[in-house]
1. How do 187, 272 line up, fewest other C-beta atoms within 10 Å first?
2. For region 61-166, what D do you get in µm² per second when you plug the Kirkwood radius from alpha-carbon pairs into Stokes-Einstein at 20 °C and 1.002 mPa s?
3. Determine the distance separating the Cα centre of region 197-247 from the Cα centre of region 169-195; give it in Å without decimals.
4. With +1 assigned to the C-beta of every Lys and Arg and -1 to the C-beta of every Asp and Glu, and no other charges, what is the dipole magnitude of region 2-110 about the Cα centre in debye, to the nearest 20?
5. Expressed as a fraction of 2.2 N^0.38 Å, the rule-of-thumb size for a compact globular protein of N residues, what is the C-alpha radius of gyration of the chain?
6. About its Cα centre, what dipole magnitude does region 135-278 give when the only charges are +1 on Lys and Arg Cβ and -1 on Asp and Glu Cβ, stated in debye to the nearest 20?
7. Excluding residues on the same chain fewer than 8 positions from residue 111, give the aspartates and glutamates whose Cα lies under 13 Å from its Cα.
8. Straight-line reach from residue 92: which lysines have a Cα under 22 Å away, not including same-chain ones fewer than 8 places off?
Amino acid sequence: MYTYQCLVNQSYTEIADCLNLAFSDYALPIQMSAEQVEAFFASSGADLRLSYGAFYDNHLIGFMVNACSVYNGERAVFDVATGVVPEHRGKKVFTNLFSFAEGELQKQGVKKYYLEVLQQNQKAINAYQKQGFAVCRAFSVLKAPHRTPDSDACSIAHLDLDAFDFEKARQCVCVPPSFENSTAILMRNPASFAVACREQETGIGAFCVFEKHRGQLMQLSFADLAQLKEILQWLFSQYPEIVIKNIDKSYPQVIELLLSLGAQEVTEQFEMVKVLGN
C-alpha cells in the first residue's frame, strides 16, 4: 500500500538510498552519499518541511524535494529533485505524490510550483503538462573556456556577494535569473559567491554574480554591454572552464556576446510553472 507524507523526519541515508536507486537507470546514473545529498540540498536551498515522499510498506520509493522562496513576487517552490524507483513506476506514484504535495503546499501559502526540464525531453514535458504545468521561459546553458583577458582588469572590482549593494545597479538591465540563481537563494550561502562589477559615476555599469570555487555564472546585469563584455573577459580568464546556466533566451544580445567570447551552448532548458490549485 502506498502512503505519502512530508520528508522532514526522514534521514539523509534513506533519502540518498532512494535517490540513487531512482536515478540508477538514467543515461548518467547518480550515486551520492548521505553527506553529499545533504550538502547538495543545502546549496540548493531545499526545505524538507516542504518536500514529500511516497512510501511502500514504510519504505521510501519516491520523492519530491523542493526549495521555497519569493520568486516573481510570489511565494513559490522549485523542484530540486524528483524521482521514483524503477520498480514502482507506471503505478501512478508520481501523479498521486504530486497531488498530495500540491494540497500540502497550498496549506503553506505557496502559490506556484516551478521546475526545469531539458527541451529535448519531450516525455518529461508531456508528463508535467498532464499535471497542469506550462512552459514559461526558455533557457540556454553554455560553457566558456579559459581565455586571456583583453582589457585592464584593474578597472573591475570584485567583492563578496553580501557586500554588494544591488541598489547601485538599479539602472542596469537585469537578465532575470532562474529560481536557483535568484538572489534570495544565493544569499542563503553568500560566502560561496562573489560579484565582479564595473563602477561609473552614475552607479554600476555592469556586474556578474559567480560561484567562487568553479566560477559558475549565476547572474548578470548591464547598463553598458561593453562593460559587461570586459567583466566576462576577466571572469573567463580566472577559471579553466565556466558553466553559464540558464540565460534567458529572450535576451539574445547577451547570448550573442557570450558566444562571441568563445562560449558554446551545450543544451537548452524550459522553465515550467503550475499555479497551485488550478
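1. On the way: 187 13, 272 22.
In increasing order of surrounding Cβ atoms, one gets 187, 272.
2. On the way: Rh = 17.4 Å.
It diffuses with D of about 123 µm²/s by this estimate.
3. So the two Cα centres are separated by 12 Å.
4. Numbers: 6 positive and 12 negative charges, 63 e Å.
Result for region 2-110 is approximately 300 debye, rounded to the nearest 20.
5. Working: Rg = 20.1 Å, N = 278, 2.2 N^0.38 = 18.7 Å.
This ratio for the chain stands at 1.08.
6. Working: 13 positive and 18 negative charges, 81 e Å.
Dipole of region 135-278, to the nearest 20 debye: 380 debye.
7. Residue 111 reaches 74, 102.
8. Leaving aside lysines fewer than 8 places away in the same chain, those within reach of residue 92 are 123, 130, 274.
Only the coordinates and a few stated rules stand behind these numbers; no lab work does. Since this is a predicted model, take the numbers as computed values, not measurements. For neighbour counting, all protein chains shown are included, and Cβ atoms are generated from backbone atoms with ideal geometry for every residue, glycine included.
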